[in-house]
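Student: Below is one structure. I have some questions about it.
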Amino acid sequence: MCGVDGGGVIPDVDHIMNKLTVIFVDPPDEEDASVTLRSEHAELVAFCWPCDLKVGDIVENRLSALDVDVLATYLSDWPESEKEELSREWIERTGHFTYRGRGRVINQVEGLVEVLGFVIEMPVLSDEYVDFEISRLDLNR
């Protein structure tokens, strides 16, 4: 999506930021692979099947969590100072495709959580921040 300004074309920044860049595929040219993805803030490794991706490809920013535990980071009646302190996104790789972290719920109905520029589908009951442990992170193809 692009706009026009004074004859020049201005890219839709939101559209660009919602994409992820493939920076590594292991093994290359296989049907299933580990794919390292880069957002504007971080890198993650996800399982990909079927996988026809190459380094440099741009993919939609929508990952899914297989076998995930999700808890609300805080409750609505907690003091604002505690909520603010606990409202920092982070993600840590704990295994090949396993992660734990904290993200902001961006769409409770669709179960979408954003963490460091990545959008991950998971079941959420909170509408603010959640803590999660993912057994396998998948790239939706």
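The values are calculated or read from the model by the stated rules, or taken from the named source; none is laboratory data. As the structure is a computational prediction, the values presented were derived from the model and not from experiment. In this analysis, Cβ positions are derived from the backbone assuming ideal geometry, glycine residues included, and neighbour counts consider all displayed protein chains. To get the accessible areas, we keep the full protein, side chains included, count just its heavy atoms, and leave off ligands, DNA and RNA. Shrake-Rupley method; radii C 1.70, N 1.55, O 1.52, S 1.80 Å.
Student: Take every Cα pair under 8 Å in the range 35-141 that's 6+ residues apart, average their separations, divide by the length, and report that relative contact order as a whole percent.
Tutor: For the range 35-141, the relative contact order is 38 percent.
Student: Still on this model: Where nothing but the Cβ of Lys and Arg (+1) and of Asp and Glu (-1) is charged, how large is the charge dipole of the range 56-141 around its Cα centre, in debye to the nearest 20?
Tutor: 340
Student: Which one, 40, 31, 80, has the greatest fluctuation when you compute a Gaussian network model over the chain with C-alpha springs under 10 angstrom?
Tutor: 80
Student: Related question: Among 78, 112, 45, flag the residue with its Cα farthest along the positive direction of the charge dipole of the chain, charges on Cβ as +1 for Lys/Arg and -1 for Asp/Glu.
Tutor: Looking along the dipole axis, the top candidate is 45.
Student: On alpha carbon coordinates alone, what is the Rg over Rh value for the chain, Rh being the Kirkwood radius?
Tutor: Expressed as Rg/Rh, it is 1.03.
Student: Applying the Karplus parametrisation 6.51 cos²θ - 1.76 cosθ + 1.60 with θ = phi - 60° to the phi angles of the range 35-44, what ³J(HN,Hα) value in whole Hz is obtained for each residue in order, glycine and proline being reported as x?
Tutor: Running phi through 6.51 cos²θ - 1.76 cosθ + 1.60 with θ = phi - 60° gives 10, 8, 10, 10, 9, 6, 10, 7, 10, 9 Hz.
Student: Moving to a separate point now. Given a 1.4 angstrom probe, I'd like the percentage of the accessible area of the chain that is carbon and sulfur, rounded to a whole number.
Tutor: Accessible surface attributable to carbon and sulfur in the chain totals 51 percent.
Student: Moving on. Once label points are set 7 Å from the Cα along Cα→Cβ at both residue 85 and residue 26, what is their separation, rounded to one decimal in nm?
Tutor: Going by the 7 Å Cα→Cβ label model, 3.8 nm.
Student: Here's another thing I want to ask about it. Full extension from residue 96 to residue 76: what is 0.36 nm times the residue separation minus their Cα-Cα distance, to one decimal in nm?
Tutor: Taking 0.36 nm per residue and subtracting the Cα distance, the gain is 3.8 nm.
Student: First select every other residue whose beta carbon is under 13 angstrom from the beta carbon of residue 125; then total the charges, Lys and Arg +1, Asp and Glu -1.
Tutor: Taking every Cβ under 13 Å from that of residue 125, the sum is -4.
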